[in-house]
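Scroll down for the structure; my scribbles are underneath it.
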Amino acid sequence: MTRELTILHLYPREMNLYGDHGNVLTLKRRCEWRGIKANIEAYEPGDKFPCEADLIFGGGGQDSGQSVIEDDLQKNAQALRSLVDGGTPTLVICGLYQLFGRFFKTHEGEIIPGIGILDIETIAGDKRLIGNIVCESSEFGEIVGYENHSGQTFLDKGVEPLAKVVRGAGNNGKDGTEGTRYKNTIGSYFHGPVLPKNPRLADFLIGKALDAKYGFGELEPLDDTFENMAHRSSAEQPR
Ligand code: GLN
């Protein structure tokens, strides 16, 4: 039996910065290397929202891109919430990370409402938080990437961050947290893209998707020599 996963890619036209699309390619390749078929379904504003998705990815975007998708995102809030709450593995980066929370308040004071799946709020600061970033997660180990955001994200009390910042800004440059963990969802500021050089995150998402669909999420290990080299090289970059 060939196993098959559908990856829902949210708003690739507007929400795709600093190589975010590479996350989807990584998920697809890591599936294919294990004989798992991966179908990528790109969703743009106005499309018919798919009833089924085994894994969801959404990237970052400029404030203007977030405004373009804002209304459409609200229309799909219920569908996305039920997928996320039902345990569908989901990775949202930067711009969509912010909009999976309650809102993003831009530097001009405009409120872009989010869909409130994550109990977080984001307010643009005076200074953009830019540079290479290294974090440490008890679940995934060291995570490396690149961040570029004006938004400072604050987690409600009790919300679990993805990781602790070792070098860089993370959620807000103040409290030492990066990203959010909720059910099988990961929200994060890591661009880069994040998955090619942090394959444990990719395999977490694939494993959870297979487990939900086939009742077995164990993954055969891959040769990650190049992925690990990319990880080390990124970790050694100056801020
Ligand atoms: N516009 C948002 C910010 O600057 C998101 C940026 C991004 O996705 N890189 O905070």
Per-residue [θ]222 nm for the chain (sum of -39500 (n - 2.57) over DSSP H runs n ≥ 4, rounded to 500): -8500 deg cm²/dmol
With a 1.4 Å probe and all protein chains left in place, how much of the accessible area of the chain comes from carbon and sulfur atoms, in whole percent? 50 percent
Global size of the stretch 170-239 as Cα Rg and Dmax, reported in angstrom: 14.4, 43
With no solvent term and unit scatterers on the alpha-carbon positions of the stretch 44-135, Debye gives log₁₀ I(q)/I(0) at q = 0.22 Å⁻¹ of -1.18
Which value in Å does the Kirkwood hydrodynamic radius of the chain take, with 1/r averaged over all unlike C-alpha pairs and then inverted? 17.6 Å
May I ask for the distance between the Cα centers of the stretch 160-239 and the stretch 36-110, given as a whole number of Å? 18 Å
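Could you provide, to the nearest whole Å², the per residue accessible area of the chain with probe 1.4 Å? All intermediate terms of the calculation are to be shown ahead of the outcome.
Details: 10480 Å² over 239 residues.
Using a 1.4 Å probe on heavy atoms only, each residue of the chain averages 44 Å².
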When the C-alpha atoms of the stretch 117-239 are aligned to their principal axes, what extent does each axis show, in angstrom, from largest down? 46, 33, 20
Exposure ranking of R34, R232, R200 by accessible area [1.4 Å probe, largest first]: R200, R232, R34
Counting only DSSP beta bridges with both residues in the chain, tell me the antiparallel percent, nearest 5. 55 percent
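Taking Cα pairs under 8 Å and at least six residues apart, what relative contact order does the stretch 14-130 come out at, in percent?
Working: 156 pairs, mean separation 27.5, N = 117.
Over the stretch 14-130, the number comes to 23 percent.
The values are calculated or read from the model by the stated rules, or taken from the named source; none is laboratory data. No experiment lies behind these values; they were computed from the predicted model shown. Heavy atoms of the whole protein, side chains included, go into the accessibility calculation; ligands, DNA and RNA do not. Shrake-Rupley method; radii C 1.70, N 1.55, O 1.52, S 1.80 Å.
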